[in-house]
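> Please see the structure below; I have some questions.
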Amino acid sequence: MHTPAPIPPVSGDPQRLSKAVAALRSCSRREAEQLIVEGWVRVDGQCVDLPQARVGAGQRVEIDPQAHLQPIVPVTFLLHKPAGMAAEAVLDLLGEAQRWSGDASGVRTSQTHRRGLKALLPLPTEASGLCVLSQDLRVVRKLTEEAAWVEQELIAETLGERLSDGLERLCHGLVRDGRPLPPARVSWQSETRLRFAVKGIPPESIAWMCEQVGLKLCALRRLRIGRIAMAGLPPGQWRCLAVGERF
């Protein structure tokens, strides 16, 4: 950080931080706002990421000497939603404190990346696992218009007696509302745990599917969407989709 210098007041009145940064950096107001929201600016030693914040006479405005404007590109967040969290509350997980230390995407996020996010393939409140929030229109299209062809892998914890034809019916023998469900790949992972690999079947249908073969769904966790797996992402934390990763 360079030696801080006071920003001279305009007519003795407080001014927008973006105006102060533009004067200090000799750049446009738009570039100044981007520097601020990306976390490169401090006021009196504290990071301030609100361009509309006001600074007054004698306050010190500093710009990190390493500051550089990165291209504004849409971002996709991958989150591990805990069980019991409503889909609309997932946005609350996107603080920097919840960013996974194993995130190797190299994406420097800012407030800009938290605007206009679309929640894609949301999980039921009682379920846990991989969730996706994205600004990227390519990702949004893939997980909406083409969602029926994207495989989801889920683990279901169940109670109940195994029926001899249960797996067969789960794989390609169930009809709901007069329509056969798409084929599924279902296998027992343990005495109580079923693995589902499904396309065109939303996670909220898994409880109904289990009921049709005499099982009660106790817990549901999504491990994978397409080619993107949750891997070691801890509950309540997030990472960014890296360049080159595809669903």
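Rule-based calculations on the coordinates, nothing more; no lab input. None of these values were measured; they are calculated from a predicted model. Heads up, the Cβs are rebuilt from the backbone with ideal geometry, glycines too, and the neighbour counts pull from every protein chain shown.
> Using Cβ counts within 10 Å as a stand-in for footprinting exposure, how do Ser128, Ser28, Ser164, Ser105 rank, fewest first?
Values: Ser128 21, Ser28 11, Ser164 6, Ser105 17.
Exposure proxy ranking, most exposed first: Ser164, Ser28, Ser105, Ser128.
> So what's the back-of-envelope 222 nm ellipticity for the chain, counting only DSSP H runs of four-plus at -39500 (n - 2.57) apiece and dividing by all residues, rounded to 500? Before the final figure, lay out the partial values.
Numbers: 5 runs with 38 residues, N = 247.
It lands at -4000 deg cm²/dmol.
> Right, another one. Please sort by residue number the trypsin sites (Lys or Arg not before Pro) in segment 72-161 whose DSSP state is loop and whose Cβ has at most 15 other Cβ atoms within 10 Å. Don't skip to the end; give the middle numbers.
Details: sites: Arg99, Arg108, Arg114, Arg115, Lys118, Arg138, Arg141, Lys142; in loops: Arg108, Arg115.
Sparse-neighbourhood loop trypsin sites (Lys or Arg not before Pro): Arg108, Arg115.
> Would you order Phe247, Phe77 from fewest to most other beta-carbon atoms within 10 Å of each residue's own beta-carbon? Provide the component values of the computation, followed by the final result.
On the way: Phe247 21, Phe77 24.
In order of increasing Cβ crowding within 10 Å: Phe247, Phe77.
> For a test of the definition: using alpha carbon positions, the gyration tensor, and the 1.5 limit on a/c, classify segment 50-192 as rounded, prolate or oblate. Spell out each step's value before the answer.
Numbers: a/c = 3.22, a/b = 2.57, b/c = 1.25.
Prolate, since a/c reaches 1.5 and a/b exceeds b/c.
> Here's something else I'd like to know. Restricting to lysines 8 or more places apart or on different chains, can you count the pairs in the chain with Cα atoms under 23 Å from each other? Let's see the in-between values first.
Details: Lys81/Lys118; Lys81/Lys142; Lys81/Lys199; Lys81/Lys216; Lys118/Lys142; Lys118/Lys199; Lys142/Lys199; Lys199/Lys216.
Value for the chain: 8.
> Using each residue's phi in segment 200-212, evaluate 6.51 cos²θ - 1.76 cosθ + 1.60 at θ = phi - 60° and report the 3J(HN,Hα) Karplus result to the nearest Hz, with x for Gly and Pro.
So the Karplus estimates, Gly and Pro as x, are x, 10, x, x, 5, 8, 5, 4, 5, 4, 4, 4, 5 Hz.
> Normalising by the residue count of the chain, find the relative contact order in percent from Cα pairs under 8 Å and 6+ residues apart.
Details: 460 pairs, mean separation 53.9, N = 247.
Averaging sequence separation for qualifying contacts and normalising by length gives 22 percent for the chain.
> A further question on this structure: Taking a spot 7 Å from the Cα of Gln70 along the direction of its beta carbon, which residues of segment 21-55 have an amide N less than 16 Å from it?
Those under the cut-off are 34-41.
> Now for a separate question. Cα centroids of segment 77-152 and segment 46-67: how far apart, whole angstrom?
Segment 77-152 and segment 46-67 have Cα centres separated by 31 Å.
> List residues of segment 221-247, by number, whose backbone nitrogen lies under 16 Å from a label position 7 Å along Cα→C-beta of Glu96.
238-240
> Over all directions, the average projected area of the alpha-carbon convex hull for the chain comes to how many nm²? Don't skip to the answer; put the middle values down first.
On the way: hull surface 63.9 nm².
The number I arrive at for the chain is 16.0 nm².
> Now, a different point. Rank these for me by crowding, His113, His68, going from fewest to most other beta carbons within 10 Å. Let's see the in-between values first.
Working: His113 22, His68 9.
In order of increasing Cβ crowding within 10 Å: His68, His113.
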